[in-house]
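Data block below; observations after.
Since every read-out is calculated from the coordinates, none of them should be taken as a lab result. Owing to the predicted nature of the structure, the values given are computational and were not obtained by experimental measurement. Every residue, glycine as well, gets a Cβ built from its backbone with ideal geometry; the counts of neighbours run over all protein chains shown.
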Amino acid sequence: MTGTAKRLLPVVVLLGAIGAALMYREHLTVLQIRAVVEGLGAWGPIVFILMYSIAPALLLPGLPLDLAAGILFGPVWGAVYASIGSTAGATVAFVVARTIGGDWVQRKLSGRLARIKAGVEEEGWRFVAFTRLVPIIPFNLLNYALGVTRIGLVPYVLASFVFMLPATVAYVYAGWAGGEAASGEESFAEAVRTVLIALAGLGIIAAIPRVYSRWIRPRAERPGRRAGSLVVWPAALALVLPFAC
C-alpha cells in the first residue's frame with residue numbers, strides 16, 4: 001500500500017462511518033435510546049456515555065441524548081452523564097480531526113475555518129468558550145474545526161466541558177420534565193411549573209446570540225478592544241442563570 005493510500009484510508013473509513021450513521025440517524029430517537037439503555041442496570045450510564053462519545057464524531061445530533069438522559073437518570077445524574085458524554089464526544093471528534101481528518105475538514109470549512117483559526121490563535125480557550133455558548137457553527141462541525149487549530153487538548157476539553165454545561169443542564173432538565181409530565185408522576189400544576197422552568201433555562205441559552213450581536217459585538221469591534229475579554233461576563237451569566245431558574 002502506497003503512502004498516499006495509507007493516508008487516505010483512515011479518511012475514507014471516517015467518511016464511510018459518517019455516511020452510514022447519517023443514513024440511520026432517524027433511529028437515534030429518545031424512545032430508541034431509552035429502549036437500549038433502560039434495564040441495563042449499572043451498565044446503563046456506561047453504555048449511554050459510550051453512545052454519546054461516538055455520536056458527535058459521526059455528526060449525529062446530541063439533543064435526543066440529552067433529553068433521554070433526563071428521562072433515564074433524572075435531572076442531576078442525567079446532567080452528569082450527558083455532560084461527560086458530550087465532552088467525551090467533542091474530544092473524540094477533536095482528536096480525529098487532528099490526527100486523520102485535517103485535510104477533509106479544511107476543504108469543507110475553508111471560509112469559517114480561517115476565522116476560527118484566527119480566533120483561537122488570538123484568544124485561545126476563551127474563543128472555545130464563546131463558540132460553545134454562541135452557536136456560530138454547528139456543534140459537531142465545530143469539534144472537527146477546532147481540531148485543526150493550534151489549541152491544546154487540555155484547554156479545549158476544559159473549556160468545552162464548562163461552557164457546554166448550561167445548555168446540557170437545560171436540555172436534560174427539559175427531558176426529565178417532559179418525562180415526568182407524560183408519566184403522570186407530577187400533578188398538572190407541578191408538571192406545568194417544571195416545564196416552564198426548563199423552557200426558561202433554554203430561553204436563557206437561546207438569548208445569548210442576540211445579546212452578543214446587539215451589545216457585545218459592537219463593543220468588541222471598537223479599536224483596542226479584545227473580543228475574548230468580553231466573553232467573561234456573558235459566560236458567567238450563561239453558567240449561573242440556568243441553575244438559578
Once you put a point 7 Å from the Cα of Val154 and another 7 Å from the Cα of Leu22, both along the Cβ direction, what distance in nm separates them? 3.6 nm
Beta carbons within 10 angstrom, averaged per residue: use that to sort the peptides 165-174, 139-148, 116-125, 23-32, highest first. 165-174, 139-148, 116-125, 23-32
Highest mean first, how do 37-43, 58-64, 91-97 rank when packing is the count of other Cβ atoms within 10 Å averaged over residues? 91-97, 58-64, 37-43
Derived scalar couplings ³J(HN,Hα) [segment 71-78; Karplus, 6.51 cos²θ - 1.76 cosθ + 1.60; whole Hz; x for Gly, Pro]: 5, 6, 10, x, x, 7, 5, x
Tell me the net charge near Ala90. Cut-off is 13 Å between Cβ atoms, Ala90 excluded, with +1 for each Lys or Arg and -1 for each Asp or Glu. +2
What net charge do the residues around Pro64 carry, taking every other residue with its C-beta under 15 Å from that of Pro64, with Lys and Arg at +1 and Asp and Glu at -1? -1
So if I take the centroid of the Cα atoms in segment 18-38 and the same for segment 121-167, what is the distance between those two points in Å? 26 Å
Would you please give the FRET efficiency between Arg115 and Leu196, computed as 1/(1 + (r/R0)^6) with r the Cβ-Cβ distance and R0 = 45 Å, to the nearest 0.05? 0.75
